[in-house]
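Structure first, commentary second.
The values are calculated or read from the model by the stated rules, or taken from the named source; none is laboratory data. In this text, all values refer to a predicted model and were calculated from it rather than measured experimentally. Cβ sites come from the backbone with ideal geometry, for glycine too, and all protein chains shown count toward neighbours.
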Amino acid sequence: MNQNKRPNIIYIVADDLGYADLGCYGGRDEPWGPVSPVLDRLAAQGLRFTQGYSNSPVCSPTRFALMTARYQYRLRGAAEEPINSKSRGSTNLGLPPEHPTLPSLLQGAGYRTALIGKWHLGFAPHFGPLQSGYEESFGPLAGGVDYFSHCDSSGRHDLWLNGAEHHAEGYLTDLLSRRTVEYVERMASQDAPFFVSLHYTAPHWPWETREDADRAPIVKDNLFDLAGGNIHVYRRMIHHMDEGIGWIVEALRRTGQLDHTLIVFTSDNGGERFSDNWPLVGGKMDLTEGGIRVPWIAHWPAVIRPGGVSRQLCMTMDWSATMLAAAGVAAHPDYPLDGVSLLPVLRDAAHQFDRPLHWRMNHRGQRALRAGDWKYLRVDGHDYLFNIPGDERERANQGTKEPERLAAMRADWEAWNASMPTIPPDATVSLGYSAKVDGICWLCPRLTACPAACRAAA
């Protein structure tokens, strides 16, 4: 295997995909067949991580970590929950153009760079993909958009090409996939390697398949679409994304670039309404496992042996650090990385190293630390200790049995938190489906016997 050639890199991020939504993570087939055959095949031919996490249980903070390879809490725009359409015009809720990023560092080392898909890191004129290291970009700037009208939750058209508003007909997932195919084909004639961020909005609400263009007028005034969708629509949306990834893989193969292209696939956070997170509890907005444990698939035939499965603890920013390491690119000296390279694991799936992971959320006063087999969790003022390999559903609180371990992990979390900027008092929370109605938790609609971190106040 030639491990010295600088790889092309494709960083694929799904939106609100659950841990078990893919077949290779235990997801169910539909009557029409497997939901994710392409991604399942990439996992079988590459490396699948079973203990991988997102930097946040919600969209835009994870994207800050992806872009910077650092804890998102270091930047004001990611100090709390997501940037949304109400953030237009803000001068501080966004990724500062002066901050080094994964694409800017790669670009400085000779890579061609492109963002195809969701940005969600602040609005023009103060922020944008072309100001943060991407040579070209195509996609929405906000969070969720309608798949056909390409309008955001405020009803504004939100599809952009290289900083200019762009009108295009078609299903957004397919538009992003085809744009990436075109980019891959174009880069085949270039001498420089390329880095492309392919950030799908699928399977994020609204719940629309390729055949549902007639629904766009119905959901345009409420993209949350609380009365729409079902598990079958949701899985079809995943399948459309999977098909598009297949087009891209075939383009890489056809142009002779597949062997030397590192493809990484994940989700920005845990799943929402129709997601399958089994056996995990909770979902988006939660620091229980269902909100932060996500699929991680890596495919790189020149380096990664097929059929690997890793239990290495990792999170979003580690993968960004890995991509820099794979390209032989150092961090900016003024912005040291919090992410840790996983290159040794890519080369040997059996390799493991200690990697503590920290999270915090102002929402419900949540905090979490995963260190080895153990997880410290606080929700609504209550502390919990779980042995994750033995209790992935986080049902058996070991805090009373292991008080010293709980105290040590709480102290470790508090020491880490003291090293981060404090959450500003004007930080906000954006709740959609995860909001509680009439005292009942949407994610776990029970008033009794509800998992502690998903419990509605009676």
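When we screen Ser54, Ser85 for residues that are closer than 28 Å to Pro356 by Cα and either within 13 Å of the chain's Cα centre (by Cα) or not hydrophobic (A, V, I, L, M, F, W, C) (or both), the only hit is Ser54. Assessment of segment 307-327 against the conditions (farther than 23 Å from Gln352 by Cα, of a type outside the set (Gly, Ala, Ser), out of contact with any helix residue (DSSP H, G or I) (no Cβ under 6 Å at 6 or more places or on another chain) and at pLDDT 95 or above) yields no matching residue. Among the conditions (1) touching a Ser or Thr at 6+ places or on another chain (Cβ under 6 Å); (2) at pLDDT below 60, Glu394 misses just one, which is (2). Where strands (runs of 3 or more DSSP E) sit wholly within segment 111-224, those with at least 1 residues that are aliphatic (A, V, I, L, M) and either in contact (Cβ under 8 Å) with a residue 60 or more places away in the chain or buried (at least 22 other Cβ atoms within 10 Å of the Cβ) (or both) occupy 112-117, 194-199.
You will find that of Tyr25, Tyr19, the residue that is farther than 30 Å from Met420 by Cβ, modelled with pLDDT of 95 or more and of a type in the set (Ser, Thr, Tyr) is Tyr25 and no other.
All of (1) surrounded by 24 or more Cβ atoms within 10 Å (Cβ to Cβ); (2) more than 26 Å from Arg378 (Cα to Cα); (3) not hydroxyl-bearing (Ser, Thr, Tyr) hold for Lys284 with one exception: (2). Within segment 321-361, being among the basic types (Lys, Arg), within 18 Å of Ser419 (Cα to Cα) and out of contact with any Leu (no Cβ under 6 Å at 6 or more places or on another chain) holds for one residue alone: Arg360. Just checking, does segment 37-46 include any residue being in contact (Cβ under 8 Å) with a residue 60 or more places away in the chain, out of contact with any helix residue (DSSP H, G or I) (no Cβ under 6 Å at 6 or more places or on another chain), of a type in the set (Gly, Ala, Ser) and closer than 13 Å to Arg235 by Cα? Checked segment 37-46: no residue is in contact (Cβ under 8 Å) with a residue 60 or more places away in the chain, out of contact with any helix residue (DSSP H, G or I) (no Cβ under 6 Å at 6 or more places or on another chain), of a type in the set (Gly, Ala, Ser) and closer than 13 Å to Arg235 by Cα. Collect the residues in segment 412-425 that are surrounded by 13 or more Cβ atoms within 10 Å (Cβ to Cβ) and free of Cβ contacts under 8 Å to residues at least 40 places away in the same chain, keeping them in residue-number order. Within segment 412-425, no residue meets the criteria. Taken over segment 266-276, the criterion of being over 9 Å from the mean Cα position of the chain (by Cα) and of a type outside the set (Asp, Glu) is satisfied by Gly271, Arg273, Phe274, Ser275.
Condition first: of a type in the set (Gly, Ala, Ser) and crowded, with 24+ Cβ neighbours inside 10 Å. Can you find one or more residues in segment 247-266 that meet it? Scanning segment 247-266, I find no residue that is of a type in the set (Gly, Ala, Ser) and crowded, with 24+ Cβ neighbours inside 10 Å, so the answer is no.
Taking the criterion of being buried (at least 22 other Cβ atoms within 10 Å of the Cβ) and farther than 28 Å from Gln366 by Cβ, the residues of segment 73-110 that qualify are Pro103, Leu105, Leu106. Of (1) crowded, with 22+ Cβ neighbours inside 10 Å; (2) in contact with a Gly (Cβ under 9 Å, 6 or more places away or on another chain), Ile304 satisfies all except one. Which? Ile304 satisfies all of (1) crowded, with 22+ Cβ neighbours inside 10 Å; (2) in contact with a Gly (Cβ under 9 Å, 6 or more places away or on another chain) except (1). Given the criteria within 17 Å of the chain's Cα centre (by Cα), assigned to a loop (DSSP other than H, G, I, E, B) and either under 29 Å from His99 (Cα atoms) or aromatic (Phe, Trp, Tyr) (or both), does Gly283 qualify? Spelling it out, it is not the case that Gly283 is within 17 Å of the chain's Cα centre (by Cα), assigned to a loop (DSSP other than H, G, I, E, B) and either under 29 Å from His99 (Cα atoms) or aromatic (Phe, Trp, Tyr) (or both). Return the residues of segment 33-80 that are among the aliphatic types (A, V, I, L, M) and outside any loop (DSSP other than H, G, I, E, B); say none if nothing qualifies. Passing the criteria: Val38, Leu39, Leu42, Ala43, Ala44, Leu47, Ala65, Leu66, Met67, Ala78. Kindly evaluate Tyr19 against the criterion of being of a type in the set (Phe, Trp, Tyr), closer than 29 Å to Ser153 by Cβ and outside any loop (DSSP other than H, G, I, E, B). In short, no. Among the residues making up segment 301-334, those that are in a loop (DSSP other than H, G, I, E, B) and not aliphatic (A, V, I, L, M) are Pro301, Arg305, Pro306, Gly307, Arg311, Gln312, Gly328, His332, Pro333, Asp334. The strands (runs of 3 or more DSSP E) found wholly in segment 335-411 and carrying at least 1 residues that are crowded, with 21+ Cβ neighbours inside 10 Å and free of Cβ contacts under 8 Å to residues at least 40 places away in the same chain occupy 374-379, 382-387. Does Ala251 satisfy the criteria of being without any contact (Cβ under 8 Å) to a residue 24 or more places away in the chain, among the aliphatic types (A, V, I, L, M) and more than 16 Å from Gly144 (Cα to Cα)? No; evaluated as a whole, the condition is false for this residue. Report yes if some residue within segment 290-297 is modelled with pLDDT under 95 and among the basic types (Lys, Arg); otherwise report no. Among the residues of segment 290-297, not one is modelled with pLDDT under 95 and among the basic types (Lys, Arg), which makes the answer no.
Considering only segment 226-244, I want to know if a residue exists there that is of a type in the set (Val, Ile, Thr), more than 30 Å from Arg186 (Cα to Cα), at pLDDT below 95 and outside any strand (DSSP E or B). Checked against the condition, which is being of a type in the set (Val, Ile, Thr), more than 30 Å from Arg186 (Cα to Cα), at pLDDT below 95 and outside any strand (DSSP E or B), segment 226-244 yields no hits at all.
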